[in-house]
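Okay, so here's the structure we're looking at.
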Amino acid sequence: MPFKAYLVLAESAIERVPEEILEHPSVAASAHRFRLEPHEVILDASLHHSAMLRLADYQKRGRPDIVHACLHLLTDSPLFRNRSLCVFVHTRDNHVIALDPSIRFPPNYNRFIGLLHQLYKFGKVPPSADHPLMTLQPMSLEQLIAQLHPTIVVLLSEKGEARPLSLIAKYALQHPPPTYVVGGFQALDFDPTTYELADEVVRVYPHPAKAATIVARLLTLLEISAGIIS
C-alpha cells in the first residue's frame with residue numbers, strides 16, 4: 001500500500017495588518033520599508049508588538065516565523081519532494097497556502113515575508129508563473145479538509161490523549177491518507193470548531209511544545225514509517 005499523508009499547519013499566525021491598527025507608527029514604518037500600503041503589510045509581532053496589544057487574542061497572532069520554521073523542515077523532506085507528504089498552511093484569516101514539491105524554500109525569514117506579501121497581493125508566487133511554487137486562496141480549515149478527503153484527521157494538541165506518536169505516524173502507511181493538524185501559532189488554543197473536525201486529538205508531550213518541535217518529531221516518525229530512515 002503506498003505511503004501518503006497530509007500535514008496542515010492550522011490557524012497559523014499569518015494575516016495582513018488588521019484595520020484597528022493600520023494607523024499605528026510601527027505599521028507605517030513597515031509600509032514604508034516594504035513599499036506597500038499599510039493594509040498590505042503582513043502582521044509581525046517583532047515589528048508591531050506595541051500595536052498588537054490592542055487586538056483580541058494578540059498572543060496568538062503575528063508570528064509568521066513559526067510557519068517559516070516549520071516549512072523549512074517540511075519542504076526539505078524526501079516525503080515532500082516525492083509527493084508522499086502534502087503540506088498546507090491554513091491561516092487565522094481563513095486562507096490556505098499550498099506548496100509545490102519543487103519549491104526551494106527560502107531559509108531567510110525576510111525573504112519569506114516578501115513571499116507572503118506577494119501571495120496576498122497576487123495569489124501566487126511567482127506572480128506571473130503558469131505553475132506557481134506557492135498559491136493562496138480564501139478557504140476555511142473545514143473546506144480544506146473536505147477537499148482532501150482524508151481517511152482520518154489527527155489533531156496534535158496538549159489537550160489530547162497521550163498516545164505514542166510512532167503509532168499515529170503509521171496511519172500514513174496503514175490507512176492512507178491521514179491528515180495531521182498542527183497549530184501554527186504560539187499561544188492560547190485551537191478554536192472549538194477545529195476540535196470538531198478531528199477524529200482523534202493526540203498529545204505528544206505532557207507540556208506545551210513549539211510547533212517546529214512537533215513537526216520535526218512527526219516528520220522523523222513519518223520517514224521511519226515510510227522506510228526512508230531507520
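The values are calculated or read from the model by the stated rules, or taken from the named source; none is laboratory data. All values reported here derive from a predicted model rather than from experimental measurement. Cβ atoms come from the backbone with ideal geometry, glycine included; neighbour counts cover every protein chain shown.
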Over the stretch 28-77, the set of residues farther than 17 Å from residue 99 by Cβ, outside any helix (DSSP H, G or I) and without any contact (Cβ under 8 Å) to a residue 40 or more places away in the chain is 35, 37, 43, 53, 54, 55, 56
For the stretch 106-118, how many residues are loosely packed, with under 15 Cβ neighbours inside 10 Å and not in a helix (DSSP H, G or I)? 2
Looking at the stretch 26-40, can you tell me whether even one residue there is β-branched (Val, Ile, Thr), over 20 Å from the mean Cα position of the chain (by Cα), more than 18 Å from residue 185 (Cβ to Cβ) and not assigned by TED's automatic domain parsing to the domain that holds residue 97? yes
So which residues in the stretch 78-95 are of a type in the set (S, T, N, Q) and in contact (Cβ under 8 Å) with a residue 40 or more places away in the chain, if there are any at all? 84, 91, 94
Kindly indicate whether any position in the stretch 120-141 is within 18 Å of residue 184 (Cα to Cα), modelled with pLDDT under 95 and either part of a helix (DSSP H, G or I) or hydrophobic (A, V, I, L, M, F, W, C) (or both). no
Looking at 146, 98 in this structure, which one is outside any strand (DSSP E or B) and either farther than 23 Å from residue 72 by Cβ or in contact (Cβ under 8 Å) with a residue 12 or more places away in the chain (or both)? 146
Of all residues in the stretch 119-167 being small (Gly, Ala, Ser) and either more than 29 Å from residue 106 (Cα to Cα) or under 17 Å from the mean Cα position of the chain (by Cα) (or both), which is surrounded by the most Cβ atoms within 10 Å (Cβ to Cβ)? 157
Could we say that residue 190 is touching a strand residue (DSSP E or B) at 6+ places or on another chain (Cβ under 8 Å) and farther than 19 Å from residue 162 by Cβ here? no
Some residue of the stretch 202-212 being assigned to a helix (DSSP H, G or I), surrounded by fewer than 20 Cβ atoms within 10 Å (Cβ to Cβ), touching a Ser or Thr at 6+ places or on another chain (Cβ under 7 Å) and not aliphatic (A, V, I, L, M): no
Qualifying positions in the stretch 149-172 - of a type in the set (Lys, Arg) and in contact with a strand residue (DSSP E or B) (Cβ under 6 Å, 6 or more places away or on another chain): 163
State all residues of the stretch 17-27 that are in contact (Cβ under 8 Å) with a residue 24 or more places away in the chain and in contact with a helix residue (DSSP H, G or I) (Cβ under 6 Å, 6 or more places away or on another chain); if no residue qualifies, say none. 17, 21, 24, 26, 27
What are the residues in the stretch 34-58 that are basic (Lys, Arg) and closer than 16 Å to residue 121 by Cβ, if any? 35
